[in-house]
Amino acid sequence: MTLPSTMRAAVTVRHGGPIELRDVAVPRPGPAEVLVRVGAAGCNNTDLWTREGSYGTDERAGWLGPLDFPRIQGGDVAGTVVACGDADTTGIVGARVLVDPALYEDSGPDARPVDVLGSERDGGFAEYVVVPADRAHRVDDSPLSDVELASLPIAYGTALGMLERGGITGGHTVLVTGASGGVGLAAVQLAHARGARVVAVCSGDKSEAVRHAGASEIVDRRRGHVVADAAAAAPGGYDAVIDVVAGGTVAPGLGLLRSGGRWVVAGALDGWAVELDVRRIYLANLALVGSTMHTPRIFDLLVDLARRGEVRPVISATFDLDEVAEAQRQLAERRHVGKLVVVPARA
Ligand SMILES: NC(=O)c1ccc[n+]([C@@H]2O[C@H](COP(=O)([O-])OP(=O)(O)OC[C@H]3O[C@@H](n4cnc5c(N)ncnc54)[C@H](OP(=O)(O)O)[C@@H]3O)[C@@H](O)[C@H]2O)c1
C-alpha cells in the first residue's frame, strides 16, 4: 500500500489554545514501531486537562510536566496497522488493533505508566498515528466496532484497574461514584459483569442509563444526602467504594465500608484536599487504595474482554475530525452518558 505524504490532524496549538484542523506529514514508524490508520479515537477528561495545562501547579503543564506543542491529542485508539518500521514487525501489518496508550517504567506485568499517547506523544485525533508495535494488541475477530474499541483504553482500563486493586469479585457489594461518567460507567458495567451488586451515585436525570449499565440501586447525588442514601441502599455495608469524586464524601463515607473494606480512588472531581479521622481506617482494617490507569497485566485483561466482546461500551456520540473541539466542549459540559468518540476517516 502506498501511503500518502500528508494527513489531516486536529492539532492542539498550545495550553488553553485552539484546536486546528491541519494538513501535516504522515508520521513514519521507526524500529519496533507501527503506523496505525485510526479507525476511531475516544475522548477523555485527560484531553481537557492536558489541553488546558491543568495538571501544573505553578505553571500550565501536562501530567508529567511541560509539553511540546503543537500536539495531536487522543490517547484511545483503535484501527488498522498499515506499515511497520522494521522486518520484525511485518507480521502485524493489516491487523486490526487496540492500542495501549501507555509506556511503562519497566517490563514487568505490574509496571506503572510513565508516558501516555496524545500527551507526551502525538495521538489519535488524526488519520494516522505511530505507536510501539508491542502496544498494538490484535483484536481482528472482536465483535466490537472500532468506535466501541476506542472507548476502552483509558476509561475501561482505569475502571478495571480500580476493580483489580479493590479485589472486586462476584457477591461483593460495591458503591461507584461519578457513575454516569467515563470511568464510573465502565466500573458499573465491569463490576456488574463480575457478579457484584452495584450501587451507583449519579445525577438523577442520568439514572436510567446507569441502571441499564448494571446498577441495581441509584443514589441521586443532587438530593444532597449521598452518604445517608448510600447507607440505606446497602444496610450491610460495602465491600468497596470505587471513587472518582472524592471531596466531602470520603471522610463520612469511610463508615459505609464493612470491616476490611477498600476505598479505591482514581479521581477527585469534588476536591482533593480531604481531612480524615485515621482511626476509622485502622480500627476497621480499611484500606485506602490509590489507582491510576492500568498496568500491562490489566490491559491484557481488557484486551481479552474486547476480543470476546464481553464488555460493550456505552457510546454517547461520534464526531468528525474537524469536530474535536466540539467533542471536548460537550465532554466538559457533562450532559451526556457514555463515551464521545472521534472517527477521523469520516471527516
Ligand atoms: N487516575 C486515573 O488514572 C484517571 C483516569 C481517568 C480519569 N481520571 C479522573 O477520574 C475523574 C472522572 O473521570 P471521567 O472521565 O469518568 O469523568 P466524566 O466522564 O466527566 O464523568 C464524571 C461524572 O462525575 C459526576 N460529577 C462531576 N462533578 C462532580 C462533583 N463535583 N461531585 C460529584 N460528582 C460529580 C458527573 O456525573 P453526574 O452529573 O451524573 O453526577 C460526571 O458525569 C476525573 O477527575 C478524571 O481526571 C483518573
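The values are calculated or read from the model by the stated rules, or taken from the named source; none is laboratory data. Here the structure is a predicted model, which is why all the values come from computation and not from measurement. Glycine gets a Cβ as well: all are built from the backbone with ideal geometry, and neighbour counts include every protein chain shown.
Miscellaneous remarks
- Contacts under 8 angstrom Cβ, first residue in the range 322-340 being under 29 Å from residue 23 (Cα atoms), partner in a helix (DSSP H, G or I) and more than 10 Å from the ligand (Cβ to nearest atom), 6 or more apart: 328/51; 340/327; 340/330
- Of the strands (runs of 3 or more DSSP E) that lie entirely inside the range 89-208, those containing 3 or more residues that are in the same structural domain as residue 39 (by TED's automatic domain parsing) span 96-99, 102-104, 113-116, 128-132, 136-138.
Condition check ((1) assigned by TED's automatic domain parsing to the domain that holds residue 333; (2) under 27 Å from residue 333 (Cβ atoms); (3) within 16 Å of the ligand (Cβ to nearest atom); (4) in contact with a Phe, Trp or Tyr (Cβ under 8 Å, 6 or more places away or on another chain)) across all residues:
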residue: 21; (1), (2), (3), (4): yes, yes, no, no
residue: 24; (1), (2), (3), (4): yes, no, no, no
residue: 32; (1), (2), (3), (4): yes, no, no, no
residue: 53; (1), (2), (3), (4): yes, yes, yes, no
residue: 81; (1), (2), (3), (4): yes, no, no, no
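Residues checked against (1) more than 13 Å from the ligand (Cβ to nearest atom); (2) touching a residue at least 12 places away in the same chain (Cβ under 8 Å); (3) closer than 23 Å to residue 194 by Cβ; (4) within 26 Å of the chain's Cα centre (by Cα):
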site: 209; (1), (2), (3), (4): no, yes, yes, yes
site: 214; (1), (2), (3), (4): yes, yes, yes, yes
site: 219; (1), (2), (3), (4): no, yes, yes, yes
site: 223; (1), (2), (3), (4): no, yes, no, no
site: 226; (1), (2), (3), (4): no, yes, no, yes
site: 243; (1), (2), (3), (4): no, yes, yes, yes
site: 253; (1), (2), (3), (4): no, yes, yes, yes
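- Every test in (1) closer than 24 Å to residue 331 by Cβ; (2) more than 13 Å from the ligand (Cβ to nearest atom) is passed by residue 257 save one, and that test is (1).
- The single condition from (1) buried (at least 24 other Cβ atoms within 10 Å of the Cβ); (2) near the ligand (Cβ under 8 Å from one of its atoms) that residue 200 fails is (2).
- Residue 64 vs. criteria surrounded by fewer than 19 Cβ atoms within 10 Å (Cβ to Cβ), within 16 Å of the ligand (Cβ to nearest atom) and either charged (D, E, K, R) or in contact (Cβ under 8 Å) with a residue 12 or more places away in the chain (or both): yes
- Test result for residue 92, on the phi < 0 side of the Ramachandran plot and surrounded by fewer than 23 Cβ atoms within 10 Å (Cβ to Cβ): yes
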